[in-house]
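What follows is a single structure, written as structure tokens, with notes after it.
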Amino acid sequence: MTAAGPVTAMSLPERAKRAAKVAAKYADAVDREGRFPSEALDAMKAERLMGVMIKAELGGEGASLSEVADVCVTLGQACGSSAMVYAMHQIQIASLNDYAVGSAWYEEFLGRVCDEQLLIGSATSEAGGIGGNLRNSICAVDVVGDVVRLEKDATVISYGEASDAIMVTSRRNADAAPSDQVSTVFVKGQYTLEKTTDWDTLGMRGTCSEGFIFRAEGAKEQILPRPFAEIAAQSMLAVSHLLWSALWYGIAYDAFARGQSFVKAAARKNPGQTPPGALRVAEAANLLQQVKGNVVSGLKQFEAAKGNPDALNAMSFAVAMNNIKIGTSQTILTVINHCMLICGIAGYKNDTPYSLGRHLRDAHSAQLMISNDRVLGNTSTMLLVNKPDPSLVG
Amino acid sequence: MHDVVRQLLAKHGSLPVSVDEIANNADLYDAGLSSFASVQLMLALEEHFDVEFPEHLLNRKSFSSIDAIAAAVSEIADDQAA
Ligand SMILES: Cc1cc2nc3c(=O)[nH]c(=O)nc-3n(C[C@H](O)[C@H](O)[C@H](O)COP(=O)(O)OP(=O)(O)OC[C@H]3O[C@@H](n4cnc5c(N)ncnc54)[C@H](O)[C@@H]3O)c2cc1C
């Protein structure tokens with residue numbers, strides 16, 4: 001559809017690195033001021049990274065989830081908030097790619113995402129006791145004729161103000177059970193956002209995940225044709241855990257790189273002596289490799305199951321994806337903590353090349369983004385009947 | 001078979017509606033069956049029929065309707081009796 005600009009002639013990792021360079025430059029300011037990483041997002045758009053996972057017929061590049069996860073790793077090393085914004089956008093794209101097939105409205109919309117490099121936000125969390133339980137909604141879409149209306153008390157919508165469109169979960173209608181949900185994308189101009197809460201947080205400050213009363217009116221065909229239950233089970237949960245884990249790995253990797261260069265600088269100063277932090281670097285590298293292995297094996301499992309509803313619906317698949325989220329979110333904190341011990345006060349201070357405060361604070365969000373206790377609770381239910389597969393080749 | 005499934009669904013399904021209102025082929029997830037409740041139901045079925053659900057039936061589809069559950073249980077009963 002679009003004539004490929006010269007930028008898309010470059011490889012995706014190359015383009016990701018160029019955007020990451022910009023993200024890294026503003027990462028500390030974004031963190032300090034708790035503001036949206038607009039420079040980084042402009043750079044991602046200039047590198048045409050927003051629509052890469054959309055199929056070529058609609059103007060995208062048909063990139064795989066693994067390729068997009070790799071972009072998240074690159075961005076995560078530069079700026080956790082920028083990487084999180086990018087990852088969350090791609091989670092929505094993954095759902096739309098597979099669960100809006102055949103919808104004229106969505107084909108046109110995905111074409112626009114590529115052409116105009118639109119940014120899509122998400123509103124699953126809801127006030128009134130729903131919290132992070134994304135498989136339940138209180139609000140309901142109201143369809144009258146060809147028009148759909150929706151009002152949602154959304155507790156957290158990352159980059160809500162900066163989004164060009166927002167994907168919102170709700171009940172199918174006013175009489176539906178809380179878990180009988182649909183998902184609808186509304187584009188800017190079709191909705192208003194009345195801010196209810198600020199986002200002054202420990203970390204991930206640039207995601208600007210404020211709360212809003214979301215009020216929208218659109219066309220009925222914007223309600224995704226497939227039930228949200230199916231989208232969540234087969235795409236959204238797995239893709240979220242994988243892309244989040246990829247960027248968390250990126251954050252931990254950058255902390256590790258700082259620890260490693262701290263030790264290297266010490267080794268240079270005292271040739272012949274192994275600096276005290278060297279052992280901890282080895283330990284951190286070991287943990288980092290576990291994180292990487294976790295993410296890589298998860299991506300492999302996802303790519304193998306993709307397009308096969310039976311495989312995606314299997315309990316063993318859900319258990320595996322949950323484990324990736326738990327393992328990654330916990331281990332990165334240990335990695336960064338090792339790096340803090342390596343760098344000492346230089347890591348603790350905010351103004352040195354070895355500063356680790358932002359990494360540590362950003363990484364702390366990982367266990368809360370869909371609470372690990374909630375995820376573990378869900379896994380423990382499945383493990384009442386599911387037996388993990390011991391095979392290394394299966 | 002359907003009657004037993006209905007009985008156990010009523011007891012363990014934690015559904016917001018009465019089981020009598022649900023057709024055999026109706027989508028149970030749409031009717032409000034949570035994944036937690038589906039596992040409870042699975043355990044109850046295992047206990048009642050003295051069977052164990054094999055890995056390939058541990059998915060949403062096996063529990064998507066009363067018909068699907070009855071079919072899954074029959075399949076296991078046949079397999080495990082053989
Ligand atoms: C950086 C960031 C960006 C986000 N962006 C978005 C966004 O764009 N859109 C969006 O919709 N949401 C977003 N969220 C929200 C997120 O996905 C979760 O909904 C939210 O973090 C959960 O909030 P909560 O801890 O208050 O709620 P809950 O999930 O209700 O958990 C509250 C606490 O209760 C306990 N708990 C609750 N339920 C259980 C259970 N079943 N088992 C065990 N323990 C339980 C846990 O200990 C948990 O800490 C974002 C969150 C973060 C950190």
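Considering only the stretch A:98-108, I want to know if a residue exists there that is more than 11 Å from the ligand (Cβ to nearest atom) and under 22 Å from A:V375 (Cβ atoms).
no
Could you check the stretch A:379-394 and list, in sequence order, the residues that are surrounded by fewer than 16 Cβ atoms within 10 Å (Cβ to Cβ) and either more than 13 Å from the ligand (Cβ to nearest atom) or closer than 18 Å to A:W248 by Cβ (or both)?
Passing the criteria: A:L383, A:L384, A:K387, A:P388, A:D389, A:P390, A:S391, A:L392, A:V393, A:G394.
Can you give me the ranges of the helices (runs of 4 or more DSSP H) entirely in chain B with at least 2 residues that are more than 11 Å from the chain's Cα centre (by Cα) and touching a residue at least 12 places away in the same chain (Cβ under 8 Å)?
B:35-49, B:66-81
Have a look at A:L360, A:L376, A:L356 and point out the one that is modelled with pLDDT of 95 or more, among the hydrophobic types (A, V, I, L, M, F, W, C), more than 18 Å from the chain's Cα centre (by Cα) and surrounded by 17 or more Cβ atoms within 10 Å (Cβ to Cβ).
Exactly one of A:L360, A:L376, A:L356 is modelled with pLDDT of 95 or more, among the hydrophobic types (A, V, I, L, M, F, W, C), more than 18 Å from the chain's Cα centre (by Cα) and surrounded by 17 or more Cβ atoms within 10 Å (Cβ to Cβ), namely A:L356.
Suppose we keep only residues that are closer than 30 Å to A:M340 by Cβ and of a type in the set (G, A, S) within the stretch A:350-394. Which one would you say is nearest to the other protein chains (Cβ to nearest Cβ)?
A:S371
What number goes with the only condition from (1) away from the ligand (no atom under 11 Å from the Cβ); (2) in contact with a strand residue (DSSP E or B) (Cβ under 7 Å, 6 or more places away or on another chain) that A:R226 does not pass?
(2)
Between a residue in the stretch A:374-389 that is farther than 22 Å from A:N136 by Cβ and any residue that is more than 10 Å from the ligand (Cβ to nearest atom) and charged (D, E, K, R), which pairs come within a Cβ distance under 7 Å, given they are 6 or more apart or on different chains?
Pairs that qualify, where the first residue is farther than 22 Å from A:N136 by Cβ and the partner is more than 10 Å from the ligand (Cβ to nearest atom) and charged (D, E, K, R), are A:K387/B:E55.
Does B:A37 satisfy the condition of being at the interface with chain A (Cβ under 8 Å from one of its Cβ atoms), closer than 17 Å to A:N136 by Cβ and of a type in the set (A, V, I, L, M, F, W, C)?
no
List pairs: first residue in the stretch A:40-52 and in the same structural domain as A:A83 (by TED's automatic domain parsing), second residue polar (S, T, N, Q) and buried (at least 24 other Cβ atoms within 10 Å of the Cβ) anywhere in the structure, Cβ distance under 6 angstrom, at least six positions apart or on different chains.
A:A40/A:S82
Just for the stretch A:186-211: of the residues that are hydrophobic (A, V, I, L, M, F, W, C) and near the ligand (Cβ under 10 Å from one of its atoms), which one is farthest from A:R112 (Cα to Cα)?
A:L202
Can you pull out the residues in the stretch A:139-176 that are among the aliphatic types (A, V, I, L, M) and free of Cβ contacts under 8 Å to residues at least 40 places away in the same chain?
The answer is A:A140, A:V144, A:A174, A:A176.
Sort out which residues of the stretch A:169-182 are touching a strand residue (DSSP E or B) at 6+ places or on another chain (Cβ under 6 Å) and either among the polar types (S, T, N, Q) or within 9 Å of the ligand (Cβ to nearest atom) (or both), and write them in order of number.
A:T169, A:S170, A:N173, A:Q181
Residues are listed down the side, and each one gets a yes or a no for (1) under 30 Å from B:L43 (Cα atoms); (2) among the charged types (D, E, K, R):
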residue	(1), (2)
A:G347	no, no
A:S355	no, no
A:R374	yes, yes
A:T379	yes, no
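Scan the stretch A:159-199 for residues that are part of a loop (DSSP other than H, G, I, E, B) and either within 14 Å of chain B (Cβ to nearest Cβ) or farther than 15 Å from A:G121 by Cβ (or both) and report the count.
10
Restricted to the stretch A:206-222, and to residues that are buried (at least 20 other Cβ atoms within 10 Å of the Cβ) and part of a strand (DSSP E or B), which residue is farthest from the other protein chains (Cβ to nearest Cβ)?
Step by step, filter the stretch A:206-222, then rank; the result is A:E210.
Are any of the residues in the stretch A:218-240 in the same structural domain as A:D164 (by TED's automatic domain parsing) and closer than 30 Å to A:R35 by Cα?
Yes; the residues of the stretch A:218-240 include at least one that is in the same structural domain as A:D164 (by TED's automatic domain parsing) and closer than 30 Å to A:R35 by Cα.
I'm trying to understand the selection: among the residues of the stretch A:109-125, which are outside any loop (DSSP other than H, G, I, E, B) and either closer than 15 Å to A:Y191 by Cα or within 8 Å of the ligand (Cβ to nearest atom) (or both)?
A:I120, A:G121, A:S122, A:A123
Restricting the stretch A:275-330 to residues that are among the charged types (D, E, K, R) and farther than 25 Å from B:R60 by Cα, which is nearest to the other protein chains (Cβ to nearest Cβ)?
Of everything passing the filter in the stretch A:275-330, A:K292 is nearest to the other protein chains (Cβ to nearest Cβ).
Tally time: how many residues in the stretch A:140-154 are more than 10 Å from the ligand (Cβ to nearest atom), part of a strand (DSSP E or B) and crowded, with 20+ Cβ neighbours inside 10 Å?
3
Within the stretch A:89-123, track down each residue that is of a type in the set (F, W, Y) and over 23 Å from A:F36 (Cβ atoms).
A:Y99, A:W105, A:Y106
Looking at A:S137, A:S82 in this structure, which one is of a type in the set (S, T, Y), within 16 Å of the ligand (Cβ to nearest atom) and over 19 Å from A:D164 (Cα atoms)?
Being of a type in the set (S, T, Y), within 16 Å of the ligand (Cβ to nearest atom) and over 19 Å from A:D164 (Cα atoms) holds for just one of A:S137, A:S82, which is A:S137.
Would you pick out the residues in the stretch A:11-35 that are out of contact with any helix residue (DSSP H, G or I) (no Cβ under 6 Å at 6 or more places or on another chain) and under 19 Å from A:G121 (Cβ atoms)?
Of everything in the stretch A:11-35, just one residue is out of contact with any helix residue (DSSP H, G or I) (no Cβ under 6 Å at 6 or more places or on another chain) and under 19 Å from A:G121 (Cβ atoms), namely A:R35.
The values are calculated or read from the model by the stated rules, or taken from the named source; none is laboratory data. All values reported here derive from a predicted model rather than from experimental measurement. Heads up, the Cβs are rebuilt from the backbone with ideal geometry, glycines too, and the neighbour counts pull from every protein chain shown.
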